[in-house]
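The values are calculated or read from the model by the stated rules, or taken from the named source; none is laboratory data. Note that this is a predicted model, so its numbers are computed, not measured. Because the Cβ atoms are built from the backbone with ideal geometry, glycine has one as well, and the counts that use them run over all protein chains shown. Side chains included, ligands, DNA and RNA excluded: accessible areas come from the protein's heavy atoms. Shrake-Rupley method; radii C 1.70, N 1.55, O 1.52, S 1.80 Å.
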There are 6 protein chains.
Amino acid sequence: MINISFQSKRVANVSFDSGKDSNLLSFAQMRSLIKVANDLKSNNELSAVTLTGNIKKNFSFGFDLRDKELKKLNNSNQSVKRDYFLIGKEMCDAWESLPFLTICVINGWCVGGGLALAVSLDLRVASSSSKFYVPEIERGFNMSWGSIPRLNALVGPAKTKRLVLLAEQLNSFTAHSWGLIDYYFDSNALMESAMELCNKASKMPRLPFVLTKESINNHSNILNKIGSYADQDGFALAYSELENNLY
Amino acid sequence: MINISFQSKRVANVSFDSGKDSNLLSFAQMRSLIKVANDLKSNNELSAVTLTGNIKKNFSFGFDLRDKELKKLNNSNQSVKRDYFLIGKEMCDAWESLPFLTICVINGWCVGGGLALAVSLDLRVASSSSKFYVPEIERGFNMSWGSIPRLNALVGPAKTKRLVLLAEQLNSFTAHSWGLIDYYFDSNALMESAMELCNKASKMPRLPFVLTKESINNHSNILNKIGSYADQDGFALAYSELENNLY
Amino acid sequence: MINISFQSKRVANVSFDSGKDSNLLSFAQMRSLIKVANDLKSNNELSAVTLTGNIKKNFSFGFDLRDKELKKLNNSNQSVKRDYFLIGKEMCDAWESLPFLTICVINGWCVGGGLALAVSLDLRVASSSSKFYVPEIERGFNMSWGSIPRLNALVGPAKTKRLVLLAEQLNSFTAHSWGLIDYYFDSNALMESAMELCNKASKMPRLPFVLTKESINNHSNILNKIGSYADQDGFALAYSELENNLY
Amino acid sequence: MINISFQSKRVANVSFDSGKDSNLLSFAQMRSLIKVANDLKSNNELSAVTLTGNIKKNFSFGFDLRDKELKKLNNSNQSVKRDYFLIGKEMCDAWESLPFLTICVINGWCVGGGLALAVSLDLRVASSSSKFYVPEIERGFNMSWGSIPRLNALVGPAKTKRLVLLAEQLNSFTAHSWGLIDYYFDSNALMESAMELCNKASKMPRLPFVLTKESINNHSNILNKIGSYADQDGFALAYSELENNLY
Amino acid sequence: MINISFQSKRVANVSFDSGKDSNLLSFAQMRSLIKVANDLKSNNELSAVTLTGNIKKNFSFGFDLRDKELKKLNNSNQSVKRDYFLIGKEMCDAWESLPFLTICVINGWCVGGGLALAVSLDLRVASSSSKFYVPEIERGFNMSWGSIPRLNALVGPAKTKRLVLLAEQLNSFTAHSWGLIDYYFDSNALMESAMELCNKASKMPRLPFVLTKESINNHSNILNKIGSYADQDGFALAYSELENNLY
Amino acid sequence: MINISFQSKRVANVSFDSGKDSNLLSFAQMRSLIKVANDLKSNNELSAVTLTGNIKKNFSFGFDLRDKELKKLNNSNQSVKRDYFLIGKEMCDAWESLPFLTICVINGWCVGGGLALAVSLDLRVASSSSKFYVPEIERGFNMSWGSIPRLNALVGPAKTKRLVLLAEQLNSFTAHSWGLIDYYFDSNALMESAMELCNKASKMPRLPFVLTKESINNHSNILNKIGSYADQDGFALAYSELENNLY
């Protein structure tokens, strides 16, 4: 489900693909993405990593609400469920903490939990025809995984409200003007453009790069943990509601 | 002076109107706006509320420096004055803390304390011909009511300085490009457009909406209180200066 | 090396010029800039100060790595070096803490430590042909002097990464769209335009101006000190590496 | 249920008493305590207020888990329940925000939500035989109402863990040595001693008193809101667990 | 008025003495203390400095409300007064920011602004018969100079309230048990004991000492500036009240 | 080198022992302690874990400056060294983030890095004859691994300075009165007493326990990361100094 390819000792591409157009994030997929991040973290020759979803169709439609593991949880107690609901946050944290440049390469739809993952990376490069959408609240959930403070840092509180509270759908042009993504290109040029950024990063000396990335992340994230450590509890609460009514 | 009308059980419109084109905020008007906010807060069927000023002329020219209550204060001690100068902050805090979507609908001039109120709401929808202006410092005051950190969160420190320290006047186009407002429309379409946003919000389930609005507000406001709890003391100081010299 | 001229009792122009096109910042130059800031700070008639580099060529190419004082340090211990590496931070802090309006007037290249200084002032006015560039990491250093949190406050974490981690060069148009600079003008109109802003500031009453500038700075800087107090240690570490390998 | 008596224009005593030895806090009782706090807040002649529970028996055994209103909630959705679970936090916030000196006078047991209320006041004066106990976790709940950061500010993280995670019971001597309470007296002397503190406060000029109390509270509370705004969601989650298993 | 003596190249003693038993802090005295701190700061051979008041009588009774410079200010505008009221904060900040060990040696009374200065140093060594007292509020002022957050960090919010809001007088035993002072000795042994601490510090290598002192100060002070940058405005307000009524 | 024994499904004991009385922490030992923490973290039946050093002699004398891996590093570049110097921080973070109760059981000396590890756990239980000592600065290093903010949270800034800047040695009585340790017992009763605490924890329901521990940790740690993320750079700097002069 996850593919890692090295362009060189300094640059790697990671892709995750469920085999379906929606490229949903199951618990299994998320555990794999955590493991990949942890493995790459200890490779101190790496300078840059790209992350792609289903490059033919969509980055990801987000968390898989029909995941069989999730359904099995329905009879578990809240303590067990909560451990599961922390997996998404753990995945986003793992990717955020990588010491090299991380670029999310986005095509098609980037939805919900897919966007939560995307904003955990350093930069977001999208195709011109990408779409961004956070339907969580429409569906009865909060947007968790520590994504609220990350969105806030990128686009400010009013645009975060439009995106999350009102579920506004953005195209790449608007997402770029908001600062949600950093570049957009014709889909043909997408990977090549991302690789140029990686190549640029691969020429940077490691020590000051690592020092500086840590500093930027710490400054923009500092109150994230205290402010979102409980967001999975809101999620669990909303989920318990849906279990009782909807499934 | 204040009118509340319900479009449905889930959507309400609040307007305040002094009866004059300037639509200044007197202490009485501000107390009414606090009371309205507190009343609406406990209505847990509400999904969205708009706030308008004098819809024919101007949103508001801000705090009424000729308010008779203010003039009567001139013989009071600073402890009494300070209680009065806290009213504006209390009004902005009351509107900021509402659990449903709040949209400020702005036409004409949105000046000083009027803008302080506007940035306490979730979103700002303006007419194309609106103007934004903070003349406080020109007139000898600081911009208080907790508005500095709210402006900072929306437009960053440099643009906050242009707006507040240099009293730059902005039209809707510039205000939108800065992120001070979220949308602008022809004045004919203004209310209708705001209502569309409200209708969208009215379809959202309450639990995740409330959870998420709290989270966004907490992340963007967290240091506001410690950083602006004393701004009315600066105001009182400046006001004492004006009393002695100018009135 | 440093020239101060008063346009009036309320407005002054400060320029620093090494006599070379690169207008590098030597330790001596930086100590002079600290002294000038401290002297101006106690002048309570001042309303606005502009800071220019070599107005014919470039604002500055940043910290002078060939400064003879720096080379003499090579035999000193880290405690002595660290005192030197704190000078840049002290310079930026001194300019940031001035109570009146400070405008950085930028022409030509604004590079590395030059940009660190520029973002310590209130506003940045550039010529249309200016260029912005942070080559620190390419050269083996981190971007220190407390500049990371200041950049973060102006352009957010993703654009700070593009500027600092990837050393993207920006022209004035892009720098303006990012919020890194506030205005750009044809170079003929540059000083005149900056002076208009100064003249506007010179009409503002001092008490509320000072109160409000302090408030805006405190809100946007609050976590800067805790987050960057050690950045010169990263610099010293990187520098020790270069000493051993490259000089 | 709530009694307010004025010793003078400047000093008032508030007591709440359920009529039972346990003096549990029902929703109705908490709403009354909020109303009292809000009413007293606007009385700008007041200098000091004491709060007592059942002065013959116990301060309070905390939140009433057998409250009929709570039982009625069992069929409500989580959105409705959450509004109820916020009442305790609202009560603690209301008492914390009072501008005059607030003294909690404690006799007998001070348990769970009773202690959450007690630590929202400025000072805690107890009888020598008082006992302090947080059984929330033993009973399946988290300690919510914003009390964790308040305890942290008074006794630090390790002692907060002993009190809350391990449910250690403290007598007045230990509570005093920890800094959880400020004074303890023989129960005969309790009210008199508290009144001496009130009388001392009643001689203080209002303006600097209010300014300074705000400052101390802001410094010690600043990150409380972001860190505990979601604690009622944890509570709701734990409660849903208990509902399913225990009631 | 100020005496500096060097015990060795690494240890210096600073004493300030108005010539009167009260040893009040006049503006002139405070400017001298700022200058001394700034001069010592650049001496990178220093390891430790003690600060004493009138060693025969009292450390200091605090800010001199009868200072002639203060009285001259009565006709000045608030902008000028505010610059003066910032001097105490500047003094405390200057002493706090020194890179070597700073020990406040306290005998007799340590009152108001004298205590504000004392808590800006690293450690406080007192004689057994010292007394600590903050009468600011009794006299109509707030306790400013950034001292509230420093007291909060040492003794927590409840004890800060007892000290500042209720003007409790403490002897050395209580001050020590609270953590307000670090050691107390018989007055004969006072200076000798302080010098032992200095001698211990003088054996520490400078680089890690400086790094670590910065780190501890940053962690305990981080929100001080945002939370107390306006405390002189409260002071100015209270002072204006007193001017009108009492002088 | 590391032993894990389970008292029951809910309680485990971890001990690390180098085989020597000093029980120094080598890089290998620290990697083992990280692995153990990560393994235990995923065991959701655990309620409490004790950590002991060499139970016959000493908890630990801290980081092993004679570790062969460290000596091999002498020819490595700073980027490689920095990765190594992060291991101590990673170890402390791993133990701090465990969701169950963690008790450090201390006998004999608890020195430097040993104390850094000890303060990362929830509680510290020591034998009556234990000694606490931070000789880092005497030896030319800063106290890193994120320990400064953890010490600050437990004992405040002045006592942290006495412990770290002046290397004061504390016995258990003083360590307890400062709040550095939570209990002390005769060494015969040490493990038994620790196990009683574990047994108490083992009776607590997991959901509210985990929620609450997270909350307490987040409140007391929130600014730790931004304030200490660079402490290993100070360490690397100091170490480079020692390499050049002392080894």
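Within the range F:30-54, the residues that satisfy the criterion of being under 26 Å from F:VAL111 (Cβ atoms) and touching a Leu at 6+ places or on another chain (Cβ under 8 Å) are F:LEU33, F:ALA37, F:LEU40, F:ALA48, F:VAL49, F:LEU51. Is it the case, given these coordinates, that F:ALA12 is surrounded by 15 or more Cβ atoms within 10 Å (Cβ to Cβ), at negative phi and not in a helix (DSSP H, G or I)? Taking the combined requirement at face value, the residue satisfies it.
The residue of the range A:163-182 that is nearest to A:SER120 (Cα to Cα), among those that are open to solvent by less than 10 Å² (accessible area, probe 1.4 Å), more than 13 Å from chain B (Cβ to nearest Cβ) and in a helix (DSSP H, G or I), is A:ALA175. Take E:GLU90 and decide whether it is without any contact (Cβ under 8 Å) to a residue 40 or more places away in the chain, out of contact with any Phe, Trp or Tyr (no Cβ under 7 Å at 6 or more places or on another chain), open to solvent by 20 Å² or more (accessible area, probe 1.4 Å) and of a type outside the set (Gly, Ala, Ser). No, not satisfied.
Looking for something at pLDDT below 95, out of contact with any strand residue (DSSP E or B) (no Cβ under 9 Å at 6 or more places or on another chain) and within 27 Å of A:HIS176 (Cβ to Cβ) - is there at least one such residue anywhere in the range A:50-58?
So in the range A:50-58, the residues at pLDDT below 95 come out as A:55-56.
In the following step, the residues that additionally are out of contact with any strand residue (DSSP E or B) (no Cβ under 9 Å at 6 or more places or on another chain) were identified as A:56.
Right, trim to within 27 Å of A:HIS176 (Cβ to Cβ) and you get A:56.
Among the residues of the range A:50-58, at least one is at pLDDT below 95, out of contact with any strand residue (DSSP E or B) (no Cβ under 9 Å at 6 or more places or on another chain) and within 27 Å of A:HIS176 (Cβ to Cβ), which makes the answer yes.
Scanning the range C:152-189 for residues that are over 24 Å from A:ILE103 (Cα atoms) and over 18 Å from the mean Cα position of the chain (by Cα) turns up C:PHE173, C:PHE185, C:ASP186, C:SER187, C:ASN188, C:ALA189. The set of residues in the range B:217-247 being within 13 Å of chain A (Cβ to nearest Cβ), in a helix (DSSP H, G or I) and without any contact (Cβ under 8 Å) to a residue 60 or more places away in the chain consists of B:ASN218, B:HIS219, B:ILE226.
Checking each residue in the range B:190-216 for being within 22 Å of B:VAL155 (Cβ to Cβ) and within 7 Å of chain A (Cβ to nearest Cβ) picks out B:LEU197, B:LYS213, B:SER215, B:ILE216. Of all the listed residues (A:LEU101, A:LEU115, A:LEU154), the sole one being within 24 Å of B:ILE181 (Cα to Cα) and touching a residue at least 24 places away in the same chain (Cβ under 8 Å) is A:LEU154.
Restricting attention to the range D:47-86, which residues are of a type in the set (A, V, I, L, M) and either away from every other protein chain (no Cβ under 13 Å) or buried (at least 24 other Cβ atoms within 10 Å of the Cβ) (or both)?
Applying the first criterion (of a type in the set (A, V, I, L, M)) to the range D:47-86 yields D:48-49, D:51, D:55, D:65, D:70, D:73, D:80, D:86.
D:ALA48, D:VAL49, D:LEU51, D:ILE55, D:LEU65, D:LEU70, D:LEU73 - these are the residues of the range D:47-86 that are of a type in the set (A, V, I, L, M) and either away from every other protein chain (no Cβ under 13 Å) or buried (at least 24 other Cβ atoms within 10 Å of the Cβ) (or both).
For the range D:28-44, the tally of residues that are touching a helix residue (DSSP H, G or I) at 6+ places or on another chain (Cβ under 6 Å) and either charged (D, E, K, R) or open to solvent by less than 10 Å² (accessible area, probe 1.4 Å) (or both) stands at 3. Among residues of the range E:59-73 that are more than 23 Å from E:SER172 (Cβ to Cβ) and acidic (Asp, Glu), those with a Cβ under 9 angstrom from a residue that is open to solvent by less than 60 Å² (accessible area, probe 1.4 Å) and assigned to a loop (DSSP other than H, G, I, E, B), sequence gap 6+ or separate chain, pair up as E:ASP64/E:SER18; E:ASP64/E:SER22; E:ASP64/E:LEU24; E:ASP64/E:SER26; E:ASP67/E:LEU24; E:ASP67/E:SER26; E:GLU69/E:SER26. Applying the condition of being open to solvent by less than 20 Å² (accessible area, probe 1.4 Å), among the hydroxyl-bearing types (Ser, Thr, Tyr) and at pLDDT 85 or above to the range D:194-239 and asking which residue is nearest to E:GLY140 (Cα to Cα) yields D:THR212. Taking the range D:123-159 as the range and being more than 24 Å from D:ASP83 (Cα to Cα), open to solvent by 10 Å² or more (accessible area, probe 1.4 Å), outside any strand (DSSP E or B) and more than 7 Å from chain F (Cβ to nearest Cβ) as the test, the residues that pass are D:SER128, D:SER129, D:ALA153, D:LEU154, D:VAL155, D:LYS159.
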